[in-house]
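Here is the structure we will look at, set down as structure tokens.
The values are calculated or read from the model by the stated rules, or taken from the named source; none is laboratory data. Nothing here was measured: the structure is a model prediction, and the numbers come from that model. Cβ sites come from the backbone with ideal geometry, for glycine too, and all protein chains shown count toward neighbours. Protein only, heavy atoms only, side chains kept; ligands, DNA and RNA dropped before computing areas. Shrake-Rupley method; radii C 1.70, N 1.55, O 1.52, S 1.80 Å.
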Amino acid sequence: MNISVAIDGPAAAGKSTIANIIAHKFNLMYINTGSMYRAAALLCMRERVCYKDVDKVCEIVKSLKMHFEKDRLIVNGEDLTEGIKHPDVSNNVSNYAAIFKLRKLLVKLQQDMAGNFNVIMDGRDIGTVVLKNAPLKFFLTASASERAKRRYLELKKKGIDVEYNEILDEIIKRDYIDSHRESSPFIKAEDAIEINSSGLSIYQVVEIISGYIRNYIKEHN
Ligand code: CDP
């Protein structure tokens, strides 16, 4: 039986933590699409290529060989898993992710990666574009202040010096750009199940999603 699970949600809603746990629980291949946009942005920023220089951005993205090794993202042989989480990348990624041609390249790569595997993918356009036919779609939300608090603690734990207010501003700005861009804006897929995780623990959210997956498996076995 084929299963594909799509999880979309705004910045720092906890998608990757939850998708990772679900992937292990149900033996699904996890594809973190946000990390691919982050890697594209990081590599362009390293080369000092502005998001407005679309041709140069696409040239760089076409030259990237990206793959996941378990939970790590390897790009041209370099492990970028930690580097892409830096606040400088978070502050700029949405401008690059709004480029139509870049999205086309990465969506193709994501669909090729998914192939015929059982996958769980998280991002902003998974239920609406990348895995449009996925039978299980979730839309994970939480208040901006709760999301900022979680991201602040996560970065602090890694020893990255950040201010709570800067994180809050960054995620509000990113949500705005992501949902107002012309090319596949971030919106809830009509058939996605919305879960508001404010006040819920990671494991409570995992349990809710797992319940839907178990039911689906039961009904289709
Ligand atoms: O982890 P967090 O929620 O902060 O963000 P992410 O999932 O790593 O995504 C980083 C950025 O990539 C988003 O703010 C979007 O601009 C872009 N993105 C996108 O446009 N489409 C996706 N499928 C995934 C991410």
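Summary of computed values
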{"read-out": "3 or more residues surrounded by fewer than 19 Cβ atoms within 10 Å (Cβ to Cβ), near the ligand (Cβ under 9 Å from one of its atoms) and of a type in the set (Phe, Trp, Tyr): qualifying strands (runs of 3 or more DSSP E) within region 1-100", "value": "none"}
{"read-out": "Residues satisfying the stated conditions in region 153-167, i.e. modelled with pLDDT of 95 or more and within 12 Å of the ligand (Cβ to nearest atom)", "value": "Ile167"}
{"read-out": "Selected residue (criterion: most open to solvent (accessible area, probe 1.4 Å)) from residues of region 193-204 that are in contact with a strand residue (DSSP E or B) (Cβ under 6 Å, 6 or more places away or on another chain) and among the aliphatic types (A, V, I, L, M)", "value": "Ile193"}
{"read-out": "Filtered residues of region 33-65 (kept if touching a Gly at 6+ places or on another chain (Cβ under 9 Å) and not charged (D, E, K, R))", "value": "Thr33, Gly34, Met36, Tyr37, Ala39, Leu42"}
{"read-out": "Residue that is touching a residue at least 40 places away in the same chain (Cβ under 8 Å) and more than 30 Å from Val54 (Cα to Cα), where the choices are Ile171, Ile160", "value": "Ile160"}
{"read-out": "Criterion (farther than 15 Å from Ala142 by Cβ, crowded, with 18+ Cβ neighbours inside 10 Å and charged (D, E, K, R)) met by exactly one of Arg181, Arg214", "value": "Arg181"}
{"read-out": "Filtered residues of region 179-204 (kept if among the β-branched types (Val, Ile, Thr), within 16 Å of the ligand (Cβ to nearest atom) and not in a loop (DSSP other than H, G, I, E, B))", "value": "Ile195, Ile202"}
{"read-out": "Residue list for region 112-132, filter: of a type outside the set (A, V, I, L, M, F, W, C) and away from the ligand (no atom under 13 Å from the Cβ)", "value": "Asp112, Gly115, Asn116, Asn118"}
{"read-out": "Every residue from region 101-131 that is surrounded by fewer than 16 Cβ atoms within 10 Å (Cβ to Cβ) and in contact (Cβ under 8 Å) with a residue 24 or more places away in the chain", "value": "Lys101, Asn116, Phe117, Asn118"}
{"read-out": "Neighbours by Cβ (under 7 Å, 6+ apart or cross-chain): first from region 1-30, aromatic (Phe, Trp, Tyr); second within 16 Å of the ligand (Cβ to nearest atom) and outside any helix (DSSP H, G or I)", "value": "Tyr30/Ile120"}
{"read-out": "Single condition Asp175 does not satisfy, out of (1) at pLDDT below 95; (2) acidic (Asp, Glu); (3) surrounded by 14 or more Cβ atoms within 10 Å (Cβ to Cβ)", "value": "(1)"}
{"read-out": "Only listed residue being at pLDDT 95 or above and open to solvent by 90 Å² or more (accessible area, probe 1.4 Å), chosen from Glu190, Glu170", "value": "Glu190"}
{"read-out": "Residue check for Lys137: surrounded by fewer than 18 Cβ atoms within 10 Å (Cβ to Cβ) and either among the basic types (Lys, Arg) or within 11 Å of the ligand (Cβ to nearest atom) (or both)", "value": "no"}
